[in-house]
Amino acid sequence: GQNIDQPTEMTATEGAIVQINCTYQTSGFNGLFWYQQHAGEAPTFLSYNVLDGLEEKGRFSSFLSRSKGYSYLLLKELQMKDSASYLCAVRMSKGGYQKVTFGTGTKLQVIP
Amino acid sequence: KAGVTQTPRYLIKTRGQQVTLSCSPISGHRSVSWYQQTPGQGLQFLFEYFSETQRNKGNFPGRFSGRQFSNSRSEMNVSTLELGDSALYLCASSLFASGTKGAYEQYFGPGTRLTVT
């Protein structure tokens, strides 16, 4: 199956920068998503990377290295409202189908 | 523009019954994906529909099925319910299922929380 690894929990200080890493198996890779999910709410789309490099969107940036099977989500100028789970998901091709596999998520706690 | 809507929001069923969940995508979105979320397994992909056809699917048994209508609305059906089917079922819509980057921006509905007793 598709193993997606990301840290279970992270803690960072308000105003700081935090990087959440995600590694995955490269076979059949067809794109990588990052989602934010607050407790009790549905996930919110943050980014989609299909090519190598850094994509910046406001305080959030996402990086992808396809050859290394590696991505990270960078959150700058952390705010208390950024406390949430961050889900890494990979779109992959297998057996003529494409499927999306999610990591278990990184629970980020932002402290004052 | 209205977001993704799902009905019902909560549902309680007993083992062996079947259930149908409904999802209305954002207007203009043609792709609908379904996910199951549980505390133990996290978020798992069920299937994706585009133009009334199932284009992609995850690793779920045949008891899980779905369909999409010409107006892009989608339904998901689970037959012969098991206790382990208790979960939050999420629907997400996107503009279209192609290789274009923007097409894959998915917007999730609030989910249907299914409890099987």
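The values are calculated or read from the model by the stated rules, or taken from the named source; none is laboratory data. Nothing here was measured: the structure is a model prediction, and the numbers come from that model. Ideal geometry is used to build each Cβ from the backbone, glycine not excepted, and the neighbour counts take in all protein chains shown.
Does region B:58-71 include one or more residues that are free of Cβ contacts under 8 Å to residues at least 60 places away in the same chain and closer than 17 Å to A:PHE33 by Cβ? Give the derivation first.
Here is the first cut: in region B:58-71, the ones free of Cβ contacts under 8 Å to residues at least 60 places away in the same chain are B:58-71.
The next check asks that each one be closer than 17 Å to A:PHE33 by Cβ; those that pass are B:58.
Within region B:58-71 (the criterion being free of Cβ contacts under 8 Å to residues at least 60 places away in the same chain and closer than 17 Å to A:PHE33 by Cβ), the answer is yes, since at least one residue qualifies.
Under the condition of being without any contact (Cβ under 8 Å) to a residue 60 or more places away in the chain and in a loop (DSSP other than H, G, I, E, B), which residue from region A:26-38 is farthest from the other protein chains (Cβ to nearest Cβ)?
Once the filter is applied, the top-ranked residue is A:THR26.
Is at least one residue of region B:96-110 within 30 Å of A:GLU55 (Cα to Cα), within 14 Å of another protein chain (Cβ to nearest Cβ), surrounded by fewer than 20 Cβ atoms within 10 Å (Cβ to Cβ) and under 13 Å from the mean Cα position of the chain (by Cα)?
Within region B:96-110, one or more residues are within 30 Å of A:GLU55 (Cα to Cα), within 14 Å of another protein chain (Cβ to nearest Cβ), surrounded by fewer than 20 Cβ atoms within 10 Å (Cβ to Cβ) and under 13 Å from the mean Cα position of the chain (by Cα).
If we scan region A:73-81, do we find a residue that is more than 11 Å from A:GLN6 (Cβ to Cβ) and touching a helix residue (DSSP H, G or I) at 6+ places or on another chain (Cβ under 7 Å)? Steps first, please.
Quick first cut of region A:73-81, residues more than 11 Å from A:GLN6 (Cβ to Cβ) only: A:74-81.
After this cut, where a residue has to be touching a helix residue (DSSP H, G or I) at 6+ places or on another chain (Cβ under 7 Å) as well, the list is A:75.
Yes: region A:73-81 contains one or more residues that are more than 11 Å from A:GLN6 (Cβ to Cβ) and touching a helix residue (DSSP H, G or I) at 6+ places or on another chain (Cβ under 7 Å).
One line per residue, one yes/no per condition, for (1) β-branched (Val, Ile, Thr); (2) at pLDDT 90 or above; (3) under 23 Å from B:ASN56 (Cα atoms):
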| residue | (1), (2), (3) |
| --- | --- |
| A:GLN6 | no, yes, no |
| A:TRP34 | no, yes, yes |
| A:GLN98 | no, no, yes |
| A:GLY103 | no, yes, yes |
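What single numbered condition from (1) in a loop (DSSP other than H, G, I, E, B); (2) surrounded by fewer than 19 Cβ atoms within 10 Å (Cβ to Cβ) fails to hold for A:LEU78?
The failed condition is (2).
Could you grab me the full set of residues in region A:53-72 that are in a strand (DSSP E or B) and either touching a helix residue (DSSP H, G or I) at 6+ places or on another chain (Cβ under 7 Å) or more than 21 Å from A:GLN37 (Cβ to Cβ) (or both)?
Of everything in region A:53-72, those that are in a strand (DSSP E or B) and either touching a helix residue (DSSP H, G or I) at 6+ places or on another chain (Cβ under 7 Å) or more than 21 Å from A:GLN37 (Cβ to Cβ) (or both) turn out to be A:GLY53, A:LEU54, A:GLU56, A:SER65, A:TYR70.
Which condition breaks for A:ALA16 when tested against (1) without any contact (Cβ under 8 Å) to a residue 60 or more places away in the chain; (2) part of a loop (DSSP other than H, G, I, E, B); (3) not basic (Lys, Arg)?
(1)
Do we find a residue being more than 14 Å from chain B (Cβ to nearest Cβ), farther than 22 Å from B:GLY58 by Cβ, basic (Lys, Arg) and in contact with a His (Cβ under 9 Å, 6 or more places away or on another chain) anywhere in region A:71-82?
Yes, region A:71-82 contains a residue that is more than 14 Å from chain B (Cβ to nearest Cβ), farther than 22 Å from B:GLY58 by Cβ, basic (Lys, Arg) and in contact with a His (Cβ under 9 Å, 6 or more places away or on another chain).
Quick one: how many residues across region A:47-81 are in contact (Cβ under 8 Å) with a residue 40 or more places away in the chain and not basic (Lys, Arg)?
Qualifying residue count for the region: 12.
Taking B:GLU52, is it of a type outside the set (Lys, Arg), without any contact (Cβ under 8 Å) to a residue 60 or more places away in the chain and over 29 Å from A:SER85 (Cβ atoms)?
On the way: of a type outside the set (Lys, Arg): yes; without any contact (Cβ under 8 Å) to a residue 60 or more places away in the chain: yes; over 29 Å from A:SER85 (Cβ atoms): yes.
It is true that B:GLU52 is of a type outside the set (Lys, Arg), without any contact (Cβ under 8 Å) to a residue 60 or more places away in the chain and over 29 Å from A:SER85 (Cβ atoms).
Would you tally the residues in region B:1-37 being within 11 Å of chain A (Cβ to nearest Cβ) and either over 14 Å from the mean Cα position of the chain (by Cα) or part of a loop (DSSP other than H, G, I, E, B) (or both)?
2
Could you go through region A:98-112 and let me know if any residue there is without any contact (Cβ under 8 Å) to a residue 24 or more places away in the chain and not in a strand (DSSP E or B).
No, that holds for no residue.
Can you tell me which residue within region B:47-65, out of those that are within 14 Å of chain A (Cβ to nearest Cβ) and within 19 Å of B:GLN17 (Cβ to Cβ), is surrounded by the fewest Cβ atoms within 10 Å (Cβ to Cβ)?
Going through the qualifying residues, I end up with B:PHE60.
For A:GLU41, all conditions in the list (1) away from chain B (no Cβ under 14 Å); (2) under 30 Å from B:THR112 (Cβ atoms); (3) surrounded by fewer than 17 Cβ atoms within 10 Å (Cβ to Cβ) hold save one; what is the number of the exception?
(1)
What tally of residues in region A:71-96 results from selecting those that are within 27 Å of B:PRO39 (Cβ to Cβ) and at pLDDT 95 or above?
Residues in region A:71-96 being within 27 Å of B:PRO39 (Cβ to Cβ) and at pLDDT 95 or above: 15 in total.
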